[in-house]
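Trainee: I have a structure I would like to understand better, so I am pasting it below and will then ask my questions one at a time.
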């Protein structure tokens, strides 16, 4: 009787100084282990002399396991001075969601997770408000209420950090969490802390972007998902989109229309991140 | 033998403090003259207490001509403190185009005019470069070369102003004319001087927006057509649009992709203006 | 002490043969009752000689209530042979949702209702599967499981009809309900029965549109919300949208990407319908 | 003194049955010749077991010329049963344009060619009408008037074929050429004969798509650029796009709005084709 192997994929992500022979070396390495590529993306930034690559390998065709893959690949990686990692697609990332009062982004991410579209584990949701507890708990996910004292925020962030570390989070998503994240958290989760800003950055940086958009009389409003860095709203952009507005829209209409863009831009950004499609360099991203 | 009347339309544009009975009064006035409405747009800005209206009237159904219409309507207009005008759709606006070295916006406007899509006269094109002369003259349009001395710009602007006034221009379009327009011209042609800015305003105000967009790593680039005011890139926005870019695009790709957005946003803006669909109030527009 | 009146609006929707003086007559009628218009849309279909109008009236400015409004307006309506109705914006429509196994459209509508964005009552959800019961009931909405025997469907439809009538539904929404609705139900709820078709109609009529789209190699896929008529997928279209796909998308990717378009096109269609913005004539709609 | 080498690229396009080691073999081959990849795209169609690849190689880094490249690569290609070609990016394709009476697509292509955006030679334009002669000749391109006798079309097609062959055309573009191309021409130029259809295929196949779209009451109209095959409007799709319409649009408005989509979809399709980014297999395309 034939054993049917479940589909299983390793994702190998590489960036390094550009050089002749990188693709040849990497693809030969994979082929030598019997690996069949199911998806492969390359990008050469000619101006910067930098090379980016993402390979998805059918793990069932490999003669080695992931630890052996890592061990063997390391010497190749060293030769080309690669930043690299390889991830077993079966191993789900642990994603902690942070929310405030607004529900739309959180509800959207929870729905996509619940319906199996978002391939991750959500060990918990943390919020500085209680109002979304019931929605979160219906999904079978623990809800942590961590109120933030506006005169003394550090204890709340310490508490959040403790929860995040306890759950061993790979990625943190700010689903319209309206507090500014302290620098140490930004640094600790660099490239793994995703925010949604409710404007088409760099337009309308800071608070109340819809009010600013309304006052400026723009004809499109947008949203931006980006990695969080110390500089507010300045981190590397993952995804953006816009929606048309007109003189008929008051501020509330803009907020309402904007919600749909926000949740779609955030969930697309999170999906791209979870699929290891985003490579950060400096303040910019390559998105395969 | 029946005489076939050519279709002919009057366009009546009104804005005024909001009040009960404006629509009734205006539409009753039109109906009393036998006028049939072929298009009608209203907007009430509840927050500002301001009312906007654009009515297109089948002139063939009217018992009066446009002068009599104006005369009779004046007392109604006074009662409601209206800003208003009525225009005979048959009378084409005179539109002077200004260009620099780049041809895409100019070529697009000329094509649309030549093919009959843009309903206006173009008495001349003015440029501070000679390179587009042949293209303009092929269309049968006079081309004026007015070079700008960067150390003494006023004579050039005086010359341009003289040409514009001689042609009795209704509207001026800056089709990527890269010189800053002096305040007196901005004031003189307020609400009739249209620019295309090659970014999604208010992102990337000022020079080199594509370079700024590239450096910021945005995922969409855009363009904005707006009325020119003294404050550079701050005038009332008529139309905006965006196009998707990615890490694959270098600065030149952005410039190339941007050209298509620029020309489409500018020609849409000009068309809306020529059809009297844009009403300015403060720094914002109502676009019917 | 001043009494603060809650904002309250009447929505008056009219369509009739075009004639001189309709707008004047209607707006004069409204003004005579002291009514202030907060939104007003007109459309004249010149080719068909048909006129469409939607007026939103600030009810607090009216000197009469809705019954008196209806009574007084009737004679005016008769004069112009109007199809018309006026609705009190405070009175929520009762919307029954029908679903099958797929959850995305239902979840989206329930979320928008729960967050207050969709202004209606949802007296119940009916499904031919049990799997969505928990999600529906978490929202506090009764869930009716009405399985359909594929060899004898009539009893199920009778049961559904009985439930719908008992709840006195104004509107029925097929949120990916995958059964063909019998002609008598289509007739009974003409103009009040909304479906989402998972293609950009008229492309890929019938079953398995994503498979057909994949096989044809299209570069965009879409969705269409429309009123249900006896002719499958041929009813008046309310709203459509598309999303870009590529050779990288297999059928499952198309289904996944399509879900986002479906739910957004359906919720926009339902919202437009609930706000009385859709007027059906023949097989087409005017959407204000 | 250092000699500055002009940038020069070879484009290698491959499709073949999928197998382990193709990328390794090809990239190793390129690296062995010293070749630096400036762009690389792969696609594996897992369901069909077919592999697609496009590599852009910096020719200045190669130790061999294109003939030697071809010779050496042939044995590798044979091993993997590849369909393949390599093209010198410096050698411009010869593109013959066919047009009828409508000017928008032709004008757009000519403008993009004239401004240097479209990298090709246009040896001539052929039309069955005389009206576009002046526009074509202003660009310095020969214009051939080949009228089509609707009762005997073969002589016209023979004449056109003779002109096309005399100019040794690589690619033919039907810029709204409204005649049905005879099967022998379709076969002879399979994969090199590009058409623009003025609808979002497969909606509204055949004549008068805008009328059909208007009658159906769709809310978006579109255009499709595709390779021409014997089956009218059924060939492999290269590119599609849409634009929003509403009840306000009559048929003429749809035609006008559609023109902008047509020309943009056609020029994008032609550009993709000229850059060797389109690989046809069966009735579908991979577009890198």
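Trainee: Answer yes or no: is there a residue in the range A:177-187 that is buried (at least 18 other Cβ atoms within 10 Å of the Cβ) and touching a residue at least 60 places away in the same chain (Cβ under 8 Å).
Mentor: Looking for residues that are buried (at least 18 other Cβ atoms within 10 Å of the Cβ) and touching a residue at least 60 places away in the same chain (Cβ under 8 Å), one finds at least one in the range A:177-187, hence yes.
Trainee: Which of the strands (runs of 3 or more DSSP E) contained wholly in the range A:20-122 include at least 3 residues that are more than 30 Å from residue A:145 (Cβ to Cβ)?
Mentor: Details: elements: A:36-45, A:50-58, A:83-88, A:93-99.
Here the list reads A:36-45, A:50-58, A:83-88.
Trainee: While we're looking at this one, here's another question. Name the residue, out of B:101, B:42, B:90, that is within 14 Å of chain C (Cβ to nearest Cβ) and under 25 Å from the mean Cα position of the chain (by Cα).
Mentor: Numbers: B:101 fails: within 14 Å of chain C (Cβ to nearest Cβ); B:90 fails: within 14 Å of chain C (Cβ to nearest Cβ).
Testing whether each residue is within 14 Å of chain C (Cβ to nearest Cβ) and under 25 Å from the mean Cα position of the chain (by Cα) leaves just B:42.
Trainee: Within the range A:71-111, can you find the residues that are buried (at least 16 other Cβ atoms within 10 Å of the Cβ), at pLDDT 95 or above and within 13 Å of residue A:13 (Cα to Cα)? Talk me through it step by step, then tell me what you get.
Mentor: Here is the first cut: in the range A:71-111, the ones buried (at least 16 other Cβ atoms within 10 Å of the Cβ) are A:73, A:76-77, A:80, A:82, A:84, A:86-87, A:89, A:93-100, A:102-111.
Pick out the ones that are also at pLDDT 95 or above and you get A:73, A:76-77, A:80, A:82, A:84, A:86-87, A:93-100, A:102-111.
Selection gives A:73, A:77, A:82, A:84, A:86, A:87.
Trainee: Select from the range D:14-26 the residues that are buried (at least 19 other Cβ atoms within 10 Å of the Cβ), in contact with a strand residue (DSSP E or B) (Cβ under 7 Å, 6 or more places away or on another chain) and within 7 Å of chain A (Cβ to nearest Cβ) and list them in ascending order.
Mentor: Across the range D:14-26, the qualifying residue is only D:23.
Trainee: Taking residue C:241 and the conditions (1) more than 9 Å from chain D (Cβ to nearest Cβ); (2) in contact (Cβ under 8 Å) with a residue 12 or more places away in the chain; (3) surrounded by fewer than 22 Cβ atoms within 10 Å (Cβ to Cβ), which numbered condition does it fall short on, given that it satisfies the others?
Mentor: Of (1) more than 9 Å from chain D (Cβ to nearest Cβ); (2) in contact (Cβ under 8 Å) with a residue 12 or more places away in the chain; (3) surrounded by fewer than 22 Cβ atoms within 10 Å (Cβ to Cβ), only one is false for residue C:241: (1).
Trainee: Right, something else. State whether one or more residues within the range B:247-265 are touching a helix residue (DSSP H, G or I) at 6+ places or on another chain (Cβ under 6 Å), part of a strand (DSSP E or B) and either at pLDDT 95 or above or not assigned by TED's automatic domain parsing to the domain that holds residue B:48 (or both).
Mentor: Looking for residues that are touching a helix residue (DSSP H, G or I) at 6+ places or on another chain (Cβ under 6 Å), part of a strand (DSSP E or B) and either at pLDDT 95 or above or not assigned by TED's automatic domain parsing to the domain that holds residue B:48 (or both), one finds none in the range B:247-265, hence no.
Trainee: Taking the range A:36-80, which residues are without any contact (Cβ under 8 Å) to a residue 12 or more places away in the chain, more than 25 Å from residue B:247 (Cβ to Cβ) and in contact with a helix residue (DSSP H, G or I) (Cβ under 9 Å, 6 or more places away or on another chain)?
Mentor: Within the range A:36-80, just A:65 meets the criteria.
Trainee: Sort out which residues of the range D:263-274 are under 9 Å from the mean Cα position of the chain (by Cα) and in contact (Cβ under 8 Å) with a residue 40 or more places away in the chain, and write them in order of number. Before you say what the answer is, go through the steps one by one.
Mentor: So in the range D:263-274, the residues under 9 Å from the mean Cα position of the chain (by Cα) come out as D:266-274.
Correct list: D:266, D:267, D:268, D:269, D:270, D:271, D:273, D:274.
Trainee: Out of all the residues in the range C:194-216, which are part of a loop (DSSP other than H, G, I, E, B) and crowded, with 22+ Cβ neighbours inside 10 Å?
Mentor: Filtering the range C:194-216 for residues part of a loop (DSSP other than H, G, I, E, B) gives C:198-208.
Correct list: C:198, C:199, C:200, C:201, C:203, C:204.
Trainee: Which numbered condition in (1) within 26 Å of residue B:40 (Cα to Cα); (2) touching a residue at least 60 places away in the same chain (Cβ under 8 Å); (3) out of contact with any strand residue (DSSP E or B) (no Cβ under 8 Å at 6 or more places or on another chain) is the only one that residue B:277 fails?
Mentor: Unmet condition: (3).
Trainee: Would you check if residue D:235 is free of Cβ contacts under 8 Å to residues at least 60 places away in the same chain and either facing another protein chain (nearest Cβ under 9 Å) or in a loop (DSSP other than H, G, I, E, B) (or both)?
Mentor: Values: free of Cβ contacts under 8 Å to residues at least 60 places away in the same chain: yes; either facing another protein chain (nearest Cβ under 9 Å) or in a loop (DSSP other than H, G, I, E, B) (or both): yes.
Criteria met by residue D:235.
Trainee: Among the residues of the range D:192-206, count how many are under 17 Å from residue D:256 (Cβ atoms) and away from chain C (no Cβ under 12 Å).
Mentor: The number of residues fulfilling the criteria is 2.
Trainee: Next question, about the same structure. Sort through D:150, D:159 and tell me the only one that's exposed (fewer than 12 other Cβ atoms within 10 Å of the Cβ) and either without any contact (Cβ under 8 Å) to a residue 40 or more places away in the chain or closer than 25 Å to residue B:115 by Cα (or both). Don't jump to the end; show me each part of the working.
Mentor: On the way: D:159 fails: exposed (fewer than 12 other Cβ atoms within 10 Å of the Cβ).
The conditions single out D:150.
Trainee: Is it the case, given these coordinates, that residue C:222 is within 12 Å of chain D (Cβ to nearest Cβ), assigned to a loop (DSSP other than H, G, I, E, B), at pLDDT 95 or above and crowded, with 22+ Cβ neighbours inside 10 Å? Full working, then the answer.
Mentor: Details: within 12 Å of chain D (Cβ to nearest Cβ): yes; assigned to a loop (DSSP other than H, G, I, E, B): no; at pLDDT 95 or above: yes; crowded, with 22+ Cβ neighbours inside 10 Å: yes.
Spelling it out, it is not the case that residue C:222 is within 12 Å of chain D (Cβ to nearest Cβ), assigned to a loop (DSSP other than H, G, I, E, B), at pLDDT 95 or above and crowded, with 22+ Cβ neighbours inside 10 Å.
Trainee: Within the range C:246-256, track down each residue that is more than 10 Å from every other protein chain (Cβ to nearest Cβ) and touching a residue at least 12 places away in the same chain (Cβ under 8 Å).
Mentor: Listed by number, the residues that qualify are C:249, C:254, C:255.
The values are calculated or read from the model by the stated rules, or taken from the named source; none is laboratory data. Please read these numbers as outputs of a predicted model, since none were measured by experiment. Cβ atoms come from the backbone with ideal geometry, glycine included; neighbour counts cover every protein chain shown.
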